[in-house]
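Asker: There's a structure below that I have some questions on.
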Amino acid sequence: MRTRLFSFALLCAFAVSAFATPQIQHWQAPSGAQVYFVEDHNLPMLDVAVSFPAGSAYDDAAKKGVAGLTHGLLDLGVQGMNEDDIARKLADVGARIGSSFDADRSSVTLRTLSSAAEQVVALDILSRVLQQPLFTEEVLGREKSRLIASLREAETKPEFLSEKAFGKAVFGEHPYGWQTEVVDIEKVQRADLLEFYRSHYGAREAVVALMGDVSRQQAEAIAQQLTAQLPQGGDVAPLPAVAGLGKSSEQRIPHPASQSHILIGVPGIARNDPDYFTLYVGNYILGGGGFVSRLMNEVREKRGMAYSVYSYFMPMQQPGAFQIGLQTKNEQVDEALQVVRKTVRDFVEKGVTTAELRAAKQNIIGGFPLRIDSNRKILEYLSVIGFYHLPLTYLDDFQARVEQVNTRSINEAFRRRINPDAMATVIVGGQAAGEKK
Amino acid sequence: MRFYAICLGLLAAFTAQAEIFEQTLSNGLKVIVKEDRRAPVIVQQIWYRAGSMDEKTGVTGVAHVLEHMMFKGTKTVPVGEFSRRIAAAGGRENAFTSYDYTAYFQQLHKSKLELAMKLEADRMHNLNLSDQEFAKEIRVVMEERRWRTDDDAHALLDERMMAMAYQEHPYRNPIVGWMNDLKNLTADDARLWYHTWYSPNNATLVIAGDVDAKQVFALARKYYGRVHAGKLPVRKHYEEPAQLGIKRIEVKAPAELPYLVMAYHAPTLRDVESDWQPYALSVLAGVLDGNDSARLNKSLVREQQVATSIGASYANTSRGPTMFSLEATPAAGTSVDKLEAAIREQLQMIVRDGVSEEELKRVRAQVTAAEVYKLDSLFYQAMQIGQIESIGLSHQDLPVILKKLQAVTAEQVQAVARDILRDDQLTVAVLDPQPLSADKLQQGGHVHAH
């Protein structure tokens, strides 16, 4: 029975991998920018994302918050257009500018109709947002006030407080553990933004992703248009290495909420880690697989102790966090903690079963088409492949890489990475204050 | 010229509908198929026309609790097995409950359509609702309520605002249910709910993706066709009594900043051809908040700097009544009263001076582009069909709605602002932020302006 099921799984995997992955074209623009393009004429629209290694971890330790404000002010005033002109003209052609910002990456995205009149206007605006931002004093002052207000608000939320304490517990003084404080924002000057922009938004660091209804020739022109006038850049220092945790810690932060927010974790893996797929598949079994993970089963399905419980690796330029999270009512925090810790310990010490591995592969391989079923999703893959220097065949290889994972490699990798006796725990909630070490 | 425009409109409507197919099975299940072969994937959504608005006093939250129980096994599919089989097929799945409906969905490779249909049809009539599973799951739902509402100051304000704005209509009760009702809910309450509402003649099945409509209909007959039609109770028609003057409510909760919600009772779409106010209200929301330079953000956040954030919202389709609402956070040093006055001034400007042709054109351009962008999401397209069917309109109304939105005039926007945004229709809710602990207050924590 087992053998039969297994060959069935293999058949499935084979059937699915016959499905064509998008054909990624890659080149370097004359500006120096790296370009990743998928030509697709199914829908009359174009998606663009331009990314820079200019996330919050690239801040100077003495000037936290500069990276975020630089990113935030890009589309709030450019040569010849104030922030209202930008928003109005984009709306007039139905285009949308979006953005994303994390510890590694600062991105600006554009979605526009591909019809000539609309596309030309939208790309012209994006081009200026990227290459001619003004960072005016007036806008900076207002945005600082808004940011300070939202930071003060966030300081009252258990989600924010737990993430902040967790970052510090896992990463110590590494920039991945930084949280911008109100005092940091108050200090930020216009000159800081100009300098950060000049040094971190260089053409050679730019990754341009293009997805949709344009030809290769158009794509080449667009990539050049968006990056030719970027600063020279080139002096971005690599992020420092992340140190592992030597021992476990537990921090309890009182809060009036009815639920406690619990985070447990350690530094995890970098995006280019050779164990990436092994740990990804393993974590699906532990806490990544929606309703069928071990954590979900133990905490929610068997005991009704939480609505949401999960674990994940956040692969970054340097090792990002391995994080387990849940929320449960204050009265049962200790019981829930015990269940989670035992689940993790069992997982690391006893490993996964072949049945679990089979189910994980079935889901991840069988669900592969859902990862690339829209322009938006493909665009994000293009950005990630470019930004983290993943192979151009990343999507083509995806299913085979998952298929190669076995129970031994999972067990071995988890034992090497996750020591249940050296993890950081943060609990925000309840009235008991104090810190145990 | 006019005739020409109408023809174009009809043509557009026809094209848009060309790949949508519809059939009603003999047991009353409406099946709608949207063929879209861009990727080899499918989405199945089943929409039951039973939401929290169908609940009775004392059992609020039961619609949502039943949604959770639908994953707890049937006569032939053991507890947890539904999710395991979908996961093993590479699928993603979940469900959601609203005031108006409850819906379940799966997204899968196209080769797994039959599996999903078989499983979904099975739990339409074979649910095994055990006391034991109920006892565990109701605790999960209470955790969900704590997380979503009790510990979230803005959600709490919205909940209490709704309870204040509606006096008769069941929209006054939160979808997740009042905590005390959850504590007293029994497995029998859930069983009664299931047997009352879960039947093919109270559901719409939407399947979209790389499928052949004929095959989908055949599969639907094979699996869903077995389910017997139910006897649906007579639905009561709720008419919210006219509000007789402005209402105000304050909610105290842990937070740093106050928060202001102003909600006006407003009409919802009933007759897509002859109604005009709902379209005008949608455009009004776009004029106020359709982009970063729209009136509210430009005037109140960027120029006057009396708010750190502001938004306007209006949903024109629902089974029950609806509201046109504005939500804002005051900037440091601005009182809630001052912010309310500034918002009222913006609304008055529209009543007094109307809106410009340029603003209307901008909203139209955004609506047109959004119609293209939505094609990038199979899931959203299916959602749109399921939602409109479940609130009592038809997916065939979607192109009409689009055309009508594009035809809204400046005069209509001005008129609807004058007629609907009146104090007698208004509920004002204010979050009064409380410090996290008494300590902080004694340390001279921030003093909140009102």
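Asker: Students often get this wrong, so check it: of A:Lys64/A:Lys157; A:Lys63/A:Lys144; B:Lys247/B:Lys298, which have C-alpha atoms separated by over 24 Å?
Answerer: Too far apart for the 24 Å limit: B:Lys247/B:Lys298.
Asker: Further question: With only alpha-carbon atoms in the gyration tensor, what are the semi-axes of the equivalent ellipsoid for region B:2-223, in Å, largest first?
Answerer: For region B:2-223, the ellipsoid semi-axes come out as 33, 25, 16 Å.
Asker: Follow-up. Using Cβ contacts closer than 10 Å as the measure, can you line up A:Arg142, A:Arg300 from fewest to most?
Answerer: Lowest count first: A:Arg142, A:Arg300.
Asker: Evaluate the distance, in nm, between pseudo-label points positioned 7 Å from the Cα of A:Val121 and of A:Arg341 along their respective Cα→Cβ axes.
Answerer: 6.1
Asker: Using the structure shown, list the pairs from A:Lys377/B:Lys30; B:Lys34/B:Lys222; A:Lys342/B:Lys183 with a Cα-Cα distance above 21 Å, or answer none.
Answerer: Those over the limit are A:Lys377/B:Lys30; A:Lys342/B:Lys183.
Asker: Another question, if that's okay. Tell me which lysines have Cα within less than 17 Å of A:Lys247's Cα, excluding those fewer than 8 residues away on the same chain?
Answerer: Of all the lysines, those that pass the test against A:Lys247 - Cα under 17 Å, at least 8 places apart if same chain - are A:Lys168, A:Lys436, A:Lys437.
Asker: Arranged by the count of other C-beta atoms within 10 angstrom, fewest first, what order do B:Met323, B:Met349 take?
Answerer: So the ranking, lowest neighbour count to highest, is B:Met349, B:Met323.
Asker: Related question: Testing the spin-label approximation: label points 7 Å from Cα along Cα→Cβ at A:Ser100 and B:Ile246. State their distance in nm.
Answerer: Rounded to a tenth, the inter-label distance reads 4.4 nm.
Asker: For B:Ser26 and B:Leu192, FRET efficiency with R0 = 25 Å and r from the beta-carbon atoms, rounded to 0.05?
Answerer: My answer for the efficiency is 0.40.
Asker: Charges only on Cβ, +1 for Lys and Arg, -1 for Asp and Glu: so what's the dipole of region B:231-334 about the Cα centre, in debye to the nearest 20?
Answerer: 360
Asker: Can you pull the Rg over Rh of region A:124-227, Cα-only, Kirkwood?
Answerer: Rg/Rh for region A:124-227 comes to 1.09.
Asker: Further question: Quick one: 3J(HN,Hα) in Hz for region A:403-420, Karplus 6.51/-1.76/1.60 with θ = phi - 60°, rounded, Gly and Pro as x.
Answerer: Couplings: 4, 6, 5, 10, 4, 4, 5, 5, 4, 5, 5, 5, 5, 6, 9, 10, 9, x Hz.
Asker: Further, regarding this structure: Taking the alpha-carbon centroid of each part, what is the distance from region A:121-171 to region A:272-325 in angstrom?
Answerer: 28
Asker: Where the only charges are on Cβ atoms (+1 Lys, Arg; -1 Asp, Glu), what is the dipole of the protein assembly as shown about its Cα centre, to the nearest 20 debye?
Answerer: That gives a dipole near 2440 debye.
Asker: I need the fraction of alpha carbon pairs in region B:247-442 separated by more than 27 Å, rounded to a whole percent.
Answerer: Beyond 27 Å sits 36 percent of the P(r) for region B:247-442.
Asker: Can you tally the net charge around B:Ile32? Count Lys and Arg as +1, Asp and Glu as -1, for every other residue whose Cβ sits under 15 Å from the Cβ of B:Ile32.
Answerer: It works out to a net charge of -3.
Asker: Of A:Leu161, A:Thr328, B:Phe71, which is farthest on the positive side of the dipole of the protein assembly as shown, counting Cα position, with +1 on Lys and Arg Cβ, -1 on Asp and Glu Cβ, and the Cα centre as origin?
Answerer: Value: B:Phe71.
Asker: A further question follows. In chain B, with Lys and Arg counted as +1 and Asp and Glu as -1 at Cβ, which of these residues, B:Gly61, B:Gly225, B:Gly354, has the Cα nearest the positive end of the dipole, that is, farthest along it?
Answerer: B:Gly225
Asker: Whole percent per 5 Å bin, from 0 to the bin with the longest distance: what is P(r) over all C-alpha pairs of region A:249-428?
Answerer: Taking every Cα pair in region A:249-428, the percentages come to 1, 8, 16, 19, 19, 15, 11, 7, 3, 0, 0.
Asker: Can you tell me the dipole magnitude for chain A around its Cα centre, using point charges on the Cβ only (Lys, Arg +1; Asp, Glu -1), in Debye to the nearest 20?
Answerer: Rounded to the nearest 20 debye, it is 1560 debye.
Asker: Can you give the local net charge around A:Pro231? Use residues other than it whose beta-carbon is closer than 12 angstrom to its beta-carbon, Lys and Arg +1, Asp and Glu -1.
Answerer: Computed value for this residue: -1.
Asker: At R0 = 60 Å, how high is the FRET efficiency between B:Glu357 and A:Lys350 if r is their beta carbon distance? Nearest 0.05 is fine.
Answerer: According to the calculation, E is roughly 0.30.
Asker: Sticking with this one: Out of all DSSP beta bridges with both ends in region A:249-428, state the antiparallel percent to the nearest 5.
Answerer: Roughly 75 percent of the beta bridges in region A:249-428 run antiparallel, per DSSP.
Asker: With no solvent and one equal point scatterer per Cα, compute the Debye intensity ratio I(q)/I(0) for the protein assembly as shown at 0.06 Å⁻¹ and report its log10, rounded to two decimals.
Answerer: -0.42
Asker: Still on this structure, please answer the following. What number, rounded to the nearest 500 deg cm²/dmol, is the helix-based mean residue ellipticity at 222 nm of chain B, given -39500 (n - 2.57) per DSSP H run of at least four residues and division by all its residues?
Answerer: Using -39500 (n - 2.57) per qualifying helix, the result is -13000 deg cm²/dmol.
Asker: At q = 0.10, 0.12, 0.14 Å⁻¹, what is the base-10 log of I(q)/I(0) for chain B according to the Debye formula with one equal point scatterer per Cα and no solvent? Please give it to two decimals.
Answerer: Once normalised to I(0) and log-transformed, intensities are -0.84, -1.16, -1.40.
Asker: So which aspartates and glutamates pass the test for B:Lys252, namely a Cα distance under 14 Å, with those fewer than 8 places away in the same chain ruled out?
Answerer: Leaving aside aspartates and glutamates fewer than 8 places away in the same chain, those within reach of B:Lys252 are B:Asp150, B:Asp151, B:Asp152, B:Asp158, B:Glu159, B:Asp432.
Asker: What is the P(r) of region B:120-160, as percent of Cα-Cα pairs per 10 Å bin from 0?
Answerer: Computed distribution, short to long bins: 26, 29, 27, 19.
Asker: Along the charge dipole of chain B, which of B:Ala382, B:Tyr279, B:Tyr259 sits closest to the positive end, that is, farthest toward it, with unit charges on the beta carbon of Lys, Arg, Asp and Glu (+1, +1, -1, -1)?
Answerer: Positive-most Cα among the choices belongs to B:Ala382.
Asker: Rounded to two decimals, what is the ratio between the C-alpha radius of gyration of region A:25-227 and 2.2 N^0.38 Å?
Answerer: Here the Cα radius of gyration is 1.09 times the empirical estimate.
Asker: How long are the semi-axes of the equivalent ellipsoid of chain A, taking √(5λ) for every eigenvalue λ of the Cα gyration tensor, in whole Å from largest down?
Answerer: With the √(5λ) rule applied to chain A, the semi-axes are 38, 31, 18 Å.
Only the coordinates and a few stated rules stand behind these numbers; no lab work does. What you see is a predicted model; the values in this text were computed from it and never measured. Virtual Cβ from ideal backbone geometry, glycine too; neighbours counted across all protein chains shown.
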